[in-house]
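The values are calculated or read from the model by the stated rules, or taken from the named source; none is laboratory data. From a predicted model like this one, the values you see are computed outputs, not experimental measurements. Methodologically, a virtual Cβ is constructed for each residue, glycine included, from the backbone with ideal geometry; neighbour enumeration extends over all protein chains shown. SASA here: full protein model, heavy atoms, side chains in, ligands and nucleic acids out. Shrake-Rupley method; radii C 1.70, N 1.55, O 1.52, S 1.80 Å.
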Amino acid sequence: MKEEDLYKLVDAIRDKIIEVKNNRMQLINEVKGLRDQRVKLIEQKKELVSQLLKLRSDRKEVLDQLAKLNQDRSSTLNDLKAKIEQLREARQLLDKEGNVAKLSLKRVQKRIEELEWRQQTSVLPPQEERRLVEEIERLEELAERIRKARQEEISIMEIEAEVKALKMKLNDFNTKINELRQKAGNLKAQIASLTPKIDELNKQINSLKQTIDEKSKNIDILSGELDALYNKYRELMVKLKELKVSRQRGIELKALEERRKEIEEKAKRGEALSLDEMRILYGEFDLT
């Protein structure tokens with residue numbers, strides 16, 4: 001085959017490779033888009049199935065909760081009554097202390113420290129010493145009463161918070177009863193509405209899988225065709241290279257032969273030859 005014909009064939013194969021690659025890339029992109037679409041549908045289906053399972057679980061939970069809700073509310077009401085009684089007793093204890101909790105604990109402690117310092121650093125008569133000790137004991141007792149009264153105040157605040165929480169819990173129970181009754185009526189309808197949606201998604205997912213499989217097979221076919229084209233392209237490039245090498249070798253041989261003839265004429269004339277000319281003349285530069 002002539003070199004010109006080889007070039008034409010190479011160009012044709014190159015064009016075909018581009019065409020096949022473009023077709024394959026188009027199919028790859030289509031498959032990618034279809035797979036993305038299928039993944040989204042699968043995620044939608046998973047979400048719907050999860051919703052369906054949750055609705056069924058919720059419905060069972062509603063029935064169970066409605067059955068035991070009155071019992072839970074009764075138990076909470078008993079806890080509330082007990083806390084209210086506990087709060088009443090705590091307030092009575094605090095009322096007995098009057099305004100002790102309002103006294104400054106810091107000032108009392110400071111006064112105790114002053115008296116103790118005086119006791120330790122001063123020489124006092126026995127009567128003064130006894131009076132000082134009694135005053136310190138009285139102040140220490142007062143400080144303890146202040147601490148207990150303040151602790152009782154904190155306890156009352158905690159109990160009040162618990163009472164408030166229990167009342168809120170009772171309100172939640174009442175609200176929950178109404179919500180659960182409404183929910184029990186709606187759950188069955190919601191479950192029934194999800195089933196056909198899941199069936200439709202299954203159909204779409206299966207249809208997409210078939211389309212993806214078909215296009216994937218076509219991609220494989222084009223890949224095989226592309227491999228064959230690349231092999232043919234490489235074979236033709238090897239042949240072109242061989243032709244080029246052969247043509248170049250012929251040019252070099254022709255030039256060498258002409259040069260050898262010139263040297264022979266020079267030798268016949270008796271002219272001195274250079275080392276390179278002698279090597280050419282005696283075949284050391286022969287390309288064969």
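Annotations for the structure displayed:
- Failed item, numbered, when Asp15 is tested on (1) more than 26 Å from Leu187 (Cα to Cα); (2) within 40 Å of the chain's Cα centre (by Cα); (3) modelled with pLDDT under 95: (2)
- Residue within region 239-249 that is part of a helix (DSSP H, G or I), modelled with pLDDT of 85 or more and out of contact with any helix residue (DSSP H, G or I) (no Cβ under 7 Å at 6 or more places or on another chain) present: no
- Restricting attention to region 35-53 and to residues that are surrounded by 13 or more Cβ atoms within 10 Å (Cβ to Cβ) and basic (Lys, Arg), the residue that is farthest from Leu222 (Cα to Cα) turns out to be Lys45.
Residue-by-condition table, conditions (1) loosely packed, with under 10 Cβ neighbours inside 10 Å; (2) within 30 Å of Leu27 (Cβ to Cβ):
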| residue | (1), (2) |
| --- | --- |
| Leu194 | no, no |
| Leu208 | no, yes |
| Asp220 | no, yes |
| Ser223 | no, yes |
| Leu226 | no, yes |
| Lys244 | no, no |
| Glu262 | no, no |
| Leu275 | yes, no |
| Leu281 | no, no |
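- Ile17 falls short of the stated requirement of being open to solvent by 60 Å² or more (accessible area, probe 1.4 Å), out of contact with any Asp or Glu (no Cβ under 8 Å at 6 or more places or on another chain) and of a type in the set (Val, Ile, Thr).
- Test set (1) open to solvent by less than 60 Å² (accessible area, probe 1.4 Å); (2) modelled with pLDDT under 70; (3) among the aliphatic types (A, V, I, L, M); (4) in a helix (DSSP H, G or I) - Val163 fails condition number: (2)
Results for (1) farther than 20 Å from Ser207 by Cβ; (2) in contact (Cβ under 8 Å) with a residue 60 or more places away in the chain; (3) not in a helix (DSSP H, G or I), shown as yes or no for each residue.
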| position | (1), (2), (3) |
| --- | --- |
| Ala12 | yes, no, no |
| Asp15 | yes, no, no |
| Ile18 | yes, no, no |
| Lys32 | no, no, no |
| Arg35 | no, yes, no |
| Gln51 | yes, yes, no |
| Lys83 | yes, yes, no |
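- Single match in Lys83, Lys102, Lys32 (criterion: modelled with pLDDT under 90, over 30 Å from Ala192 (Cα atoms) and exposed (fewer than 13 other Cβ atoms within 10 Å of the Cβ)): Lys102
- Residue match in region 277-284 (condition: at pLDDT 75 or above and outside any helix (DSSP H, G or I)): no
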